[in-house]
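A.B. asks: Below is the structure I would like to discuss, written out as structure tokens.
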Amino acid sequence: MEMTIGQTLLTNAFNFGDREAIVIGDIRATFAELNDAVNRRANALLELGVKKGHHVGTLFGNSMELIESIYALARIGAVVVPLNTRFSSAELIYVMDHSDVSTVIFQDQFEETIQKIRPAVSDVKQLICSGETVPDEFIDFEAKTRKQSVQMPQTDVKESDIATIMYTSGTTGKPKGVVATHKIWVWGMVNAILAKKDIFQKPLTVFPLFHLGAFMQLFACHFSGNSMVMLKGFDPKLVLETIEKERITEIFHPPTVYRMLLQIPDLETYDLSSIRNLNSGSEALPDEIRQQLKKVFPQARIIENYGQTESVGGLTSLQAEDADAKRFSVGRPFPNTRIGVVNEEGNDATPGTVGEIIGCGPSIMKEYYKNPEKTADTIRDGWLYTGDMGRLDADGFLYIKERKNHMIISGGENIYPKEVEEVLYQHSKIIEAAVFGLPDEIYGQKVCAAVVVKPGEQMAPEEVIDFCKDNLASFKKPKEVYFMEDLPKSPIGKVLRSALKKQYQNT
């Protein structure tokens with residue numbers, strides 16, 4: 001039997017048909033109901049001429065219609081190209097053109113966006129609108145779907161077929177299309193489940209479904225036959241209310257989102273006792289946040305994960321039982337995964353020496369779409385060169401230092417922003433901080449810090465600099481400090497240092 005994304009849903013519809021599969025707001029569906037809805041959409045897509053191998057863009061907020069559409073496209077062997085709803089018009093045009101999408105399915109709330117970019121994407125042959133209000137000029141997906149049978153479409157989808165092309169956020173240039181087959185996704189699901197040492201029960205996600213993290217949570221949850229609760233967007237109070245109402249057992253947030261949850265004034269009034277796992281990723285979890293989470297969720301295991309879009313999930317995981325002994329580590333490799341650290345010559349670095357992190361395994365991407373040069377530079381002899389700098393200790397635990405392009409070289413010294421940020425987070429007045437480098441005529445680069453101060457508090461740049469000087473080598477302290485109301489972030493809450501560099505490079 002071919003292990004494909006569509007097959008995992010079909011298996012669970014057969015084995016656990018009456019079990020709840022998805023909850024979004026007031027909408028709930030069992031595996032059998034979801035499978036029937038997916039078949040209707042798959043048959044509608046086939047009738048509209050969408051075939052195996054066609055590239056189809058999806059522009060949606062989190063919704064049942066999007067989940068059904070993703071599974072339907074996977075079931076007929078079409079390639080899903082999730083479109084980032086936060087991309088600018090120019091970025092959307094680039095991704096649609098670069099990915100060779102022939103059809104775009106979009107939610108009615110994005111009609112204005114589609115109308116704006118429509119003249120520039122003439123190669124898109126079909127525009128399919130999903131929602132209650134569909135202009136006559138677009139194909140009405142809901143009306144077309146309602147007329148279809150729940151009969152399983154007869155298609156021949158192989159695990160070696162391409163399932164998705166997911167575009168990176170483009171923080172280091174143009175967005176790159178990460179190509180993953182059905183087999184790669186299935187291995188990613190297996191790794192995600194095994195790494196937890198605790199089967200999925202009822203996780204909650206707020207990640208947008210154009211991001212790999214949300215895809216993997218959804219697929220891994222359904223692969224293990226469990227229910228997923230999804231919010232349409234992030235609201236700290238709604239997250240807490242949903243945990244209490246739905247008896248959520250697991251959440252996955254980047255550190256910035258956990259920080260927002262911890263700032264809710266009446267946090268202690270919520271019943272959060274159902275939570276068993278707190279997962280963190282996208283950037284290192286500051287020790288200060290870890291200790292606060294332990295107090296609020298004393299019954300929960302805190303698991304820190306490291307990976308990237310190119311690894312289609314995780315590369316390493318730090319389990320709760322190792323966290324105290326291996327502070328600041330991101331753990332050891334996921335099951336079925338190997339990692340290493342290499343020097344500039346490509347040779348294995350000795351334990352404790354910083355080098356580039358590499359990884360290999362069955363969940364590594366196939367390639368960058370239409371970019372053989374970058375693919376050859378990133379995947380060498382089966383190893384993914386991550387562009388992240390780190391070190392391994394004698395026990396095989398990985399410690400992240402920084403992205404290669406984020407490392408600051410000042411006066412010939414390597415300075416890692418995360419090290420400076422860890423110190424800043426120890427200051428009682430600081431909520432958020434991001435450290436980045438800007439050009440300096442004398443030293444090559446200078447250390448800069450963007451800081452968000454707690455409500456009601458005030459700080460001067462000298463206070464920040466002196467605090468760092470007391471806790472770091474002098475050359476690592478910030479030379480410039482910028483105070484902000486909020487740090488620029490990606491859709492999953494990851495701080496965008498590239499945006500900070502762009503904002504302050506001419507100040």
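A.B. asks: Given the protein chains as shown and a 1.4 Å probe, how many square angstrom of GLU367 are accessible, to the nearest 10?
C.D. replies: It works out to around 60 Å².
A.B. asks: For the stretch 164-272, what is the convex hull (Cα atoms) projected area averaged across all directions, in square nanometres?
C.D. replies: Over all viewing directions, the stretch 164-272 projects a mean Cα-hull area of 7.9 nm².
A.B. asks: Could you point to the label whose value was computed as Rg/Rh (Cα atoms, Kirkwood Rh) for the structure here, given (1) 0.97; (2) 1.05; (3) 1.14?
C.D. replies: (1)
A.B. asks: Can you give me the C-alpha center-to-center distance between the stretch 411-457 and the stretch 325-377, rounded to a whole angstrom?
C.D. replies: A separation of 27 Å, based on Cα centres.
A.B. asks: Ranked highest first by average number of other Cβ atoms within 10 Å, how do 65-71, 111-117, 44-50 line up?
C.D. replies: 65-71, 44-50, 111-117
A.B. asks: Take MET484 and GLN151, extend 7 Å from each Cα along the Cα→Cβ direction, and tell me the distance between the two endpoints in nm.
C.D. replies: With each label placed 7 Å out from Cα toward Cβ, I get 5.6 nm.
A.B. asks: Considering just Cα atoms, how many Å³ per residue does the convex hull of the stretch 378-441 enclose?
C.D. replies: So the per-residue hull volume is 155 Å³.
A.B. asks: On to the next question. Could you pull out every whole DSSP H run in the chain that spans at least 20 Å of Cα extent along its own axis and averages -1.0 or higher on the Kyte-Doolittle scale?
C.D. replies: 31-47, 182-196
A.B. asks: Shifting gears a bit: Between ALA450, PRO362, ILE243, whose Cα lies farthest towards the positive end of the dipole of the chain when Lys and Arg beta carbons carry +1 and Asp and Glu beta carbons carry -1, centred on the Cα centre?
C.D. replies: Checking the options against the dipole of the chain, the answer is PRO362.
A.B. asks: So what is the calculated 222 nm ellipticity per residue for the chain, using -39500 (n - 2.57) for each DSSP H run with n of 4 or more, over all residues, to the nearest 500 deg cm²/dmol?
C.D. replies: Per the formula, -9000 deg cm²/dmol.
A.B. asks: What are the principal axis extents of the Cα atoms in the stretch 83-204, in Å, biggest first?
C.D. replies: 49, 45, 31
A.B. asks: Between ALA394 and LEU194, what FRET efficiency follows from the Cβ-Cβ distance if R0 is 22 Å, with the result rounded to 0.05?
C.D. replies: So the FRET efficiency works out to roughly 0.35.
A.B. asks: While we're looking at this one, here's another question. First obtain the Kirkwood hydrodynamic radius of the stretch 375-499 from its Cα pairs, then insert it into the Stokes-Einstein equation at 10 °C and 1.306 mPa s, and state the resulting D in µm² per second as a whole number.
C.D. replies: In µm²/s, the coefficient rounds to 100.
A.B. asks: May I pose another question? Determine the sum of side-chain charges near GLU33: Lys and Arg each +1, Asp and Glu each -1, restricted to other residues whose C-beta is under 12 angstrom from that of GLU33.
C.D. replies: It works out to a net charge of -1.
A.B. asks: Report for the chain the percent antiparallel among DSSP-assigned beta bridges with both residues inside it, nearest 5.
C.D. replies: 60
A.B. asks: So how do 146-154, 430-438, 97-105, 480-488 stack up, highest first, on mean other-Cβ count within 10 Å?
C.D. replies: Highest mean packing first, the order is 430-438, 97-105, 480-488, 146-154.
A.B. asks: I'd like to check one number: the per residue accessible area of the chain, probe 1.4 Å, reported in Å² as a whole number.
C.D. replies: 42
A.B. asks: Sticking with this one: Could you look at the stretch 55-172 and say what percent of its accessible area is carbon and sulfur, using a 1.4 Å probe and all protein chains?
C.D. replies: Reported share for carbon and sulfur atoms: 43 percent.
A.B. asks: What do you reckon, how do TRP187, TRP383 stack up by accessible area (1.4 Å probe), largest on top?
C.D. replies: In descending accessible area the options line up as TRP187, TRP383.
A.B. asks: Taking all protein chains as present, what is the carbon and sulfur share of the accessible area of the stretch 397-464, in % to the nearest whole number, probe 1.4 Å?
C.D. replies: 48
A.B. asks: Take every DSSP beta bridge whose two residues both sit in the stretch 21-167, then give the antiparallel share in percent to the nearest 5.
C.D. replies: Restricted to the stretch 21-167, the bridges split so that about 15 percent are antiparallel.
A.B. asks: Here's a follow-up. Quick check: the distance between the Cα centres of the stretch 1-38 and the stretch 81-109, to the nearest angstrom?
C.D. replies: Centre-to-centre distance over Cα atoms comes out at 27 Å.
A.B. asks: Starting from the Kirkwood Rh over alpha-carbon pairs, what translational D in µm² s⁻¹ does the stretch 220-318 have by Stokes-Einstein at 10 °C and 1.306 mPa s?
C.D. replies: 111
A.B. asks: Quickly rank 22-34, 453-465, 204-216 as a protection proxy: mean count of other C-beta atoms within 10 Å, highest first.
C.D. replies: Peptide ranking by packing, descending: 204-216, 22-34, 453-465.
A.B. asks: Over the stretch 232-363, with every protein chain in place, what whole percent of the accessible area is carbon and sulfur at 1.4 Å, could you tell me?
C.D. replies: 50
The values are calculated or read from the model by the stated rules, or taken from the named source; none is laboratory data. Quick caveat: nothing in here was measured; it's all calculated off a predicted structure. Cβ: placed from backbone, ideal geometry, glycine included. Neighbour counts: every protein chain shown. Side chains included, ligands, DNA and RNA excluded: accessible areas come from the protein's heavy atoms. Shrake-Rupley method; radii C 1.70, N 1.55, O 1.52, S 1.80 Å.
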